[in-house]
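Asks: Let me give you the structure first, and then I'll get to my questions.
The values are calculated or read from the model by the stated rules, or taken from the named source; none is laboratory data. Fair warning: this is a prediction, and the values are worked out from it, not measured in the lab. Every residue, glycine as well, gets a Cβ built from its backbone with ideal geometry; the counts of neighbours run over all protein chains shown. To get the accessible areas, we keep the full protein, side chains included, count just its heavy atoms, and leave off ligands, DNA and RNA. Shrake-Rupley method; radii C 1.70, N 1.55, O 1.52, S 1.80 Å.
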Amino acid sequence: MDDQNLKDKESVENQMIDDAFQHLIDTYLSSRHRKKVDIINKAFNFARQAHKGVRRLSGEPYIMHPIAVAQIACEEMGLGSTSICAALLHDVVEDTDYTIEDIENIFGQKIAQIVDGLTKISGGIFGEHASAQAENFKKLLLTMSDDIRVILIKICDRLHNMRTLESQPANKQYKIAGETLYIYAPLANRLGLNKIKTELENLSFKFEHPDDYDDITDKLSFTKEQRDKLFEEFTSPIREALDQMGLKYEIKARVKSPYSIWTKMQTKHVTFDEIYDILAVRIIFTPKVRADEINECFSIYVAISKIYKSHPDRLRDWLNHPKANGYQALHVTLMSKQGRWIEVQIRSDRMNEVAEQGFAAHWKYKEGDVQEDENELNNWLGTIKEILDDPQPDAMDFLDAIKLNLFASEIFVFTPKGEIKTMPAGCTALDFAFQIHTFLGSHCIGAKVNHKLVPLSHQLQSGDQVEILTSKSQHVQPSWINFVSTAKAKGKIQAILRRDSREIQKKGEEVLNEWLKKNDMEMTTSILDKLCEFHDFQKHENFFLALGERSILLGDKDLDELRGKSKKQGNGKWRKYVPFLGHDKKKAIQPIKEENLLVVGKDFDKKRPCLITEETIGKYIFPKCCHPIPGDDILGFIDNKNRIEIHKRTCPVASKLKSSFGNRILDAKWDMHKLLFFDATIEIKGIDRKGMMRDVTNVITEQLDVNIHKVTVSADEGIFDGSIEIRVHDRDEVKTIMESLKLIEGLQEVQQIM
């Protein structure tokens, strides 16, 4: 390229940068914030100079990314000049020679503090190992508790990265999309950023399951005309009623997002056509008196329930008890004249902004008093600190505790005295006991929920009144850990069990000492190792525990072992089974020898997809967690021994791997030619009748010529359910079988299980 062309290209790029920055300034000036344009200009010029000559993977100048992040912070989150400056500077310390001290000297302590927080959690939250990941996550959350803007800008950064994910290789796309679904979308939701949460979910879905995404978006555009007609007919009498009330309002159609449609299709095992709540209606009004907006919501509800019949079980009052993320609205489900249930969400303009923009929007409507929101925020951060005070030994547990506590939806539970407690959905009576007091939890024998006796494992519902029953003779049981979900209860139970087990271990140590003394021996490490190996214990503590609990007793065989008289059988060598058959249907599943597996070396190209063909399938490990077959969206994962596991992209294990070990994720693709057979299991449910099983087997074996491997069916009071194991070539064959089975009279549910 000659000098003139270079100059022209540079001139075009400079113009593009100037335009993008001007758009940011225009957006900022039209907001309600104080107009501190000088410091924003200063931050932009500083960042532009610092990133000069650097490009993104897409080829555009790097500075376009910080401008885009600042634009999202300003336009979509409603943040002010401090956040805009921090967004413009967020990669400077990470990617250039400038330090936090430089930023502080030029832009002051506040901006420097936010940039420092963003630098600590850069490069995706996760490092090489899960433990490092937990540490980084703690850092992220601790930084958040200094300044919430750190996490808000981090979410803006992630949103822009997701919007420009096209330029990344496939393995990076899966890592970033997985991490986004696991952490950033729930974080955005918890901060009340509904619009951003939805976009993050949809973008992740688009990159992880492109065919499903395209299929749903095509169907949404195909059915748009019907939806528009339904919306017009349904809202027309509502508009008349609201006009008579003299309200200033707008009515919007809210279409369910592709990701939430897909999630519902997966969890409920239904097709696109069977989902009825794709359309919802949102009434957004400007209250006549700001202080009276809750009453006005109810007045609208009364008016529209005179037009349409409302569903008594589906009234959701988030007005008097807002969600922890600040969300307020009244949800009501009405029966339309077309015979469809339609959800209507009633909210004021303020509530709508809070729903879209989260905490940032609260401040717009305050007359200088931000105390109330600070309290909400502090409660949230208090939950985080509670989890951090009792760090879990396992990083995955730590992440799950965070996810369970911060990202679950809330329920409201009453104490016997009528006080309201907010708890995560899915919590049990035992969680509630520990929430009130550790003593109550550890001596809990049951509870009364709405004055009825229930066990500790009883799941609480919103509106329950709970009284905890205790007994001094009750002690914490190991099984309790299985039916609590809050971090507080889990942490306390584990701590008490650890304390108890230390006492039992001590007892076990005394038992061993006495036994050895009786047989003229002393306790040494080698004697302990021998006894542990003989009884199949990995750790000395576990052996002492078993002795203390009397689950093992020492006898003559132990003496023989210690004196070298016994001969113990060695364990068999590792073997891995892969879920496929040879060309002959009658062949048994072939064990794969470990030496045939592919081992990833230094020269392995992680950007190229692993191609799974009839010849190469034996080189990969297929774990039992998700049972992928040709046609499934899959990815590869490099395990600790540098071998490659193949998982479905929807597999729960793969979700954790994507967000914890993103740099070990590989793209993987099928290239099969219907030569091998794979196992698949279909579950069926329906109304029992004579000849039902004959019809089912006829469809599979006669019509479709598929081999049935195993059938289990049970019937009770006229309802039957069962599972059919079949041998198929790929996912398409499973779909064909399921569609054919759905046509059988009396067969209500057909679903494939992992």
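Asks: Exactly one condition in (1) hydroxyl-bearing (S, T, Y); (2) open to solvent by 40 Å² or more (accessible area, probe 1.4 Å); (3) under 18 Å from the mean Cα position of the chain (by Cα) is false for S236; which is it?
Replies: That leaves (3) as the condition not met.
Asks: Continuing with this model, one more query. Output yes when any residue across region 109-119 is closer than 25 Å to F44 by Cα, at pLDDT 85 or above, touching an Asp or Glu at 6+ places or on another chain (Cβ under 7 Å) and open to solvent by 10 Å² or more (accessible area, probe 1.4 Å), and no when none is.
Replies: Of all residues in region 109-119, those closer than 25 Å to F44 by Cα come to 109-119.
Imposing the further condition that a residue be at pLDDT 85 or above reduces the set to 109-115.
Now narrow it down to the ones that are touching an Asp or Glu at 6+ places or on another chain (Cβ under 7 Å): 112-114.
With open to solvent by 10 Å² or more (accessible area, probe 1.4 Å) added as a condition, the list becomes 113.
The answer is yes; a qualifying residue exists.
Asks: For region 421-466, which residues satisfy the criterion of being aliphatic (A, V, I, L, M), touching a helix residue (DSSP H, G or I) at 6+ places or on another chain (Cβ under 9 Å) and surrounded by fewer than 21 Cβ atoms within 10 Å (Cβ to Cβ)?
Replies: Across region 421-466, the qualifying residues are L440, V449, V454.
Asks: Run down T164, T180 and say which single residue is open to solvent by less than 10 Å² (accessible area, probe 1.4 Å) and more than 18 Å from I84 (Cα to Cα).
Replies: Numbers: T164 fails: open to solvent by less than 10 Å² (accessible area, probe 1.4 Å).
The unique qualifying residue is T180.
Asks: Please work out which one of (1) at pLDDT 80 or above; (2) more than 21 Å from H647 (Cβ to Cβ) is the condition L611 fails and give its number.
Replies: Of (1) at pLDDT 80 or above; (2) more than 21 Å from H647 (Cβ to Cβ), only one is false for L611: (2).
Asks: While we're looking at this one, here's another question. Would you say Q4 is at pLDDT 90 or above, out of contact with any helix residue (DSSP H, G or I) (no Cβ under 7 Å at 6 or more places or on another chain), open to solvent by 50 Å² or more (accessible area, probe 1.4 Å) and not in a loop (DSSP other than H, G, I, E, B)?
Replies: Details: at pLDDT 90 or above: no; out of contact with any helix residue (DSSP H, G or I) (no Cβ under 7 Å at 6 or more places or on another chain): yes; open to solvent by 50 Å² or more (accessible area, probe 1.4 Å): yes; not in a loop (DSSP other than H, G, I, E, B): yes.
Answer is no for this residue.
Asks: Tell me which residues, restricted to region 690-724, are closer than 19 Å to D679 by Cα and touching an Asp or Glu at 6+ places or on another chain (Cβ under 6 Å).
Replies: H709, K710, S723
Asks: Now, a different point. Against the conditions (1) open to solvent by 20 Å² or more (accessible area, probe 1.4 Å); (2) among the hydrophobic types (A, V, I, L, M, F, W, C); (3) farther than 21 Å from E410 by Cβ, where does W480 fall short? Just the number, please.
Replies: Status for W480: all satisfied but (1).
Asks: Across region 589-605, which residue is modelled with the lowest pLDDT among those that are part of a loop (DSSP other than H, G, I, E, B), under 25 Å from F678 (Cβ atoms) and of a type outside the set (A, V, I, L, M, F, W, C)?
Replies: Checked region 589-605; the qualifying residue modelled with the lowest pLDDT is Q590.
Asks: Would you call I63 open to solvent by less than 90 Å² (accessible area, probe 1.4 Å) and over 34 Å from the mean Cα position of the chain (by Cα)? Lay out the reasoning, then the answer.
Replies: Working: open to solvent by less than 90 Å² (accessible area, probe 1.4 Å): yes; over 34 Å from the mean Cα position of the chain (by Cα): no.
Answer is no for this residue.
Asks: Go through the residues of region 49-68 one by one and say whether even a single one is acidic (D, E), assigned to a loop (DSSP other than H, G, I, E, B) and more than 21 Å from A188 (Cα to Cα). Walk me through it before giving the result.
Replies: Residues of region 49-68 that are acidic (D, E), as a first pass: 60.
Adding the requirement that they be assigned to a loop (DSSP other than H, G, I, E, B) leaves 60.
With more than 21 Å from A188 (Cα to Cα) added as a condition, the list becomes 60.
Yes, that holds for at least one residue.
Asks: Name the pairs: first residue in region 312-338 and among the basic types (K, R), second residue modelled with pLDDT under 85 and open to solvent by less than 20 Å² (accessible area, probe 1.4 Å), Cβ to Cβ under 9 Å, at least 6 apart or on different chains?
Replies: From residues that are among the basic types (K, R), the pairs are K323/G192.
Asks: Let me ask another. Look through I684, I646 and report the one residue that is closer than 29 Å to V713 by Cβ, in a strand (DSSP E or B), among the β-branched types (V, I, T) and open to solvent by less than 30 Å² (accessible area, probe 1.4 Å). Steps first, answer last, please.
Replies: Details: I646 fails: closer than 29 Å to V713 by Cβ.
Testing whether each residue is closer than 29 Å to V713 by Cβ, in a strand (DSSP E or B), among the β-branched types (V, I, T) and open to solvent by less than 30 Å² (accessible area, probe 1.4 Å) leaves just I684.
Asks: Also, I was wondering about something else. Tell me the strands (runs of 3 or more DSSP E) entirely within region 435-553 that contain at least 3 residues that are in contact with a strand residue (DSSP E or B) (Cβ under 6 Å, 6 or more places away or on another chain) and free of Cβ contacts under 8 Å to residues at least 12 places away in the same chain. Break it down stepwise before answering.
Replies: Details: elements: 444-449, 452-454, 466-470.
Fully inside region 435-553 and qualifying: nothing.
Asks: Just to be sure, is K674 over 30 Å from T712 (Cα atoms) and either under 20 Å from the mean Cα position of the chain (by Cα) or open to solvent by 10 Å² or more (accessible area, probe 1.4 Å) (or both)? Break it down into steps so the answer makes sense when it comes.
Replies: Numbers: over 30 Å from T712 (Cα atoms): no; either under 20 Å from the mean Cα position of the chain (by Cα) or open to solvent by 10 Å² or more (accessible area, probe 1.4 Å) (or both): yes.
No; evaluated as a whole, the condition is false for this residue.
Asks: Please go through region 7-60 and give me each residue that is open to solvent by 90 Å² or more (accessible area, probe 1.4 Å) and aromatic (F, W, Y), ordered by number.
Replies: none
Asks: Of the conditions (1) under 30 Å from E419 (Cβ atoms); (2) at pLDDT below 90; (3) out of contact with any Cys (no Cβ under 9 Å at 6 or more places or on another chain); (4) surrounded by fewer than 17 Cβ atoms within 10 Å (Cβ to Cβ), D500 clears all except one; give me its number.
Replies: (1)
Asks: Cβ-Cβ under 6 Å, sequence separation 6+ or interchain: first residue in region 33-61 and in contact (Cβ under 8 Å) with a residue 24 or more places away in the chain, partner open to solvent by 30 Å² or more (accessible area, probe 1.4 Å) and of a type in the set (K, R). Which pairs?
Replies: none
Quick grid of which residues meet (1) within 40 Å of the chain's Cα centre (by Cα); (2) more than 22 Å from S501 (Cα to Cα); (3) open to solvent by less than 30 Å² (accessible area, probe 1.4 Å):
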| site | (1), (2), (3) |
| --- | --- |
| N519 | no, yes, no |
| E522 | no, yes, no |
| T525 | no, no, no |
| K530 | no, yes, no |
| F537 | yes, no, no |
| L545 | yes, no, no |
| G548 | no, no, yes |
| L553 | no, no, no |
| L562 | no, yes, yes |
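Asks: Would you pick out the residues in region 467-477 that are within 10 Å of F432 (Cα to Cα) and open to solvent by 40 Å² or more (accessible area, probe 1.4 Å)?
Replies: The first filter runs over region 467-477 and keeps only residues within 10 Å of F432 (Cα to Cα), leaving 467-468.
If the condition is that a residue be within 10 Å of F432 (Cα to Cα) and open to solvent by 40 Å² or more (accessible area, probe 1.4 Å), then E467 is the only one that fits.
Yes/no per residue for (1) among the polar types (S, T, N, Q); (2) touching a helix residue (DSSP H, G or I) at 6+ places or on another chain (Cβ under 9 Å); (3) farther than 27 Å from R34 by Cα; (4) modelled with pLDDT of 90 or more:
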{"position": "L57", "(1), (2), (3), (4)": "no, yes, yes, no"}
{"position": "H65", "(1), (2), (3), (4)": "no, yes, no, yes"}
{"position": "A68", "(1), (2), (3), (4)": "no, yes, no, yes"}
{"position": "Q71", "(1), (2), (3), (4)": "yes, yes, no, yes"}
{"position": "E76", "(1), (2), (3), (4)": "no, yes, no, no"}
{"position": "G80", "(1), (2), (3), (4)": "no, yes, no, no"}
{"position": "A86", "(1), (2), (3), (4)": "no, yes, no, yes"}
{"position": "D97", "(1), (2), (3), (4)": "no, yes, yes, no"}
{"position": "E101", "(1), (2), (3), (4)": "no, yes, no, yes"}
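Asks: Then there is this: Can you tell me which residues in region 718-743 are open to solvent by 50 Å² or more (accessible area, probe 1.4 Å) and farther than 13 Å from K685 by Cβ?
Replies: To start, the set of residues in region 718-743 that are open to solvent by 50 Å² or more (accessible area, probe 1.4 Å) comprises 719, 721, 725, 732, 735-736, 739, 742-743.
Scanning region 718-743 gives E725, D732, K735, T736, E739, L743.
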